[in-house]
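A short worksheet on the structure shown next.
Since every read-out is calculated from the coordinates, none of them should be taken as a lab result. Quantities reported herein were computed from a predicted structural model and do not represent experimental measurements. So basically every Cβ, Gly included, is an ideal-geometry build from the backbone, and we count neighbours across all protein chains shown.
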Amino acid sequence: MNIVITGSTQGIGLGMAREFLARGHDMMISSRRADAVADTVTRLRRDFPGRTIAGWACDVSEYAQVQALWEQALLSLGTVDIWVNNAGRDGAKMPFFAIPAEDMILTVKTNLIGLMMCNKVVIPGMYRQGSGWIFNMEGFGSNGMVRPTASVYGTTKYALRYFTRAVSAELEGTPVKMGYLSPGMVLTDMLVPPPEERGERWQQTRKFLNIMADTVETVTPFLVDGMLKAERNGAAVRWLTRGKIAWRFFSARFCKRDILTPLGL
Ligand SMILES: NC(=O)c1ccc[n+]([C@@H]2O[C@H](COP(=O)([O-])OP(=O)(O)OC[C@H]3O[C@@H](n4cnc5c(N)ncnc54)[C@H](OP(=O)(O)O)[C@@H]3O)[C@@H](O)[C@H]2O)c1
């Protein structure tokens, strides 16, 4: 199959790209930075010889750039069987009144306008092809949970779940299917601040992450297998279920999990 993942030069997007390639699928890599796209494509071609791996820089919040990404994907891969709307940012973690306006706008533009731009281009494209799956990446807030300092990010991810519900209902009975992806908490640049920004609460955060978080290598095989197995429009591939969360907290009393130390965190 042929796969496009937005925001696939690092983190969860890159992890999913590797897992698709390892299962014999072909890839279009993308993010805003052309140099990061070129480096990623070079590394993946070295690691997965024999696979078709293309790259194209695209800011998902710009309609013309998304259209160009779709067209390049068709030129390089022929068709697009799965498109993953993964590109995202969390922005400044502070009370809403203190978040700089530009930061707020960038988060909304990336997570929400970007999601809509991509679907505006991809849905008609997949109709023309006669088939295709789109998966939208959820995040903190998708289930309605609230945390101070995550108001903007949480709002975009809450809206993403609504949008996916609404649009997948519209797609019912058509050749295009849409689903949800939820990775839980994954140790990427988005979740782990650089050392100079960790602050005095880092040890507490670290304890929490050791209970709840996972590595890209643990979560992405699950996400990719879930996407490849999905059958029904509206399918949800979710890593951290309520049961798993309860078990993590319960078992933390008896068994100390440490996934951060081996990563030097
Ligand atoms: N990490 C977690 O714990 C977690 C949990 C739940 C959900 N998620 C979601 O999972 C997705 C990936 O997160 P991650 O942790 O892997 O983040 P990450 O490591 O920060 O990677 C984000 C990727 O998105 C790209 N990107 C950012 N803005 C973009 C834009 N406007 N257009 C195109 N690409 C853009 C970045 O590359 P450039 O900067 O080069 O554009 C990068 O490749 C996000 O949607 C996030 O909300 C993450």
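State the answer as a single residue: which of Ser76, Met178, Ala235 lies farthest towards the positive end of the charge dipole of the chain, with beta carbon charges of +1 for Lys and Arg and -1 for Asp and Glu, about the Cα centre. Farthest along the dipole direction, towards plus: Ala235. For the Cα trace of segment 1-105, dividing Rg by the Kirkwood Rh returns an Rg/Rh value of 1.05.
Close amide H contacts of Met185 (hydrogens built in the peptide plane, cut-off under 5 Å, sequence separation of 5 or more or a different chain): Asp214. Restricting the calculation to Cα atoms, every distinct pair contributes to the Kirkwood radius of the chain, found to be 19.1 Å.
Distance between the 7 Å Cα→Cβ label points at Asp189 and Leu75: 2.7 nm. Distance between the modelled labels on Arg33 and Lys244, one decimal in nanometres: 2.9 nm (7 Å Cα→Cβ projection). Computed from phi, the 3J(HN,Hα) profile of segment 219-225 under the Karplus parametrisation 6.51, -1.76, 1.60 (θ = phi - 60°) reads 7, 5, x, 5, 5, 5, 4 Hz, with x in place of Gly and Pro.
Mean-square fluctuations from a GNM of the chain, with a 10 angstrom spring cutoff on Cα atoms, peak among Leu77, Leu228, Leu115 at Leu228. For Lys256, a cut-off of 30 angstrom between C-alpha atoms picks up these lysines, skipping any fewer than 8 places away in its own chain: Lys93, Lys207, Lys244. The calculated Kirkwood hydrodynamic radius for segment 105-165 is 12.4 Å, given to one decimal from all distinct C-alpha pairs. Across segment 123-133, computed HN-Hα scalar couplings (Karplus, 6.51 cos²θ - 1.76 cosθ + 1.60, θ = phi - 60°) run 4, x, x, 6, 4, 4, 5, x, 5, x, 10 Hz from first to last residue, x flagging Gly and Pro. Taking the chain as a Gaussian network, where each spring joins two C-alpha atoms under 10 Å apart, which residue of Gly234, Gly154, Gly50 fluctuates the most? The residue with the greatest mean-square fluctuation here is Gly50. If R0 equals 35 Å, the separation of the Cβ atoms of Tyr127 and Phe222 corresponds to a calculated FRET efficiency of about 0.75.
The packing ranking, built from the mean of other Cβ atoms within 10 Å per residue, places the peptides 167-176, 11-20 in the order 11-20, 167-176, highest first.
Computed from phi, the 3J(HN,Hα) profile of segment 248-265 under the Karplus parametrisation 6.51, -1.76, 1.60 (θ = phi - 60°) reads 4, 5, 5, 6, 4, 5, 9, 9, 7, 8, 9, 9, 7, 4, x, 8, x, 10 Hz, with x in place of Gly and Pro. Debye sum, Cα scatterers, segment 171-230, no solvent: what log₁₀ I/I(0) at q = 0.14, 0.19, 0.20, 0.24 1/Å? Listed by q, the Debye log ratios stand at -0.56, -0.78, -0.83, -1.01.
Overall, the ratio between the Cα radius of gyration of segment 45-139 and 2.2 N^0.38 Å, rounded to two decimals, is 1.27. About its Cα centre, segment 35-181 has a charge dipole of approximately 300 debye under the convention of +1 per Lys or Arg Cβ and -1 per Asp or Glu Cβ, with nothing else charged.
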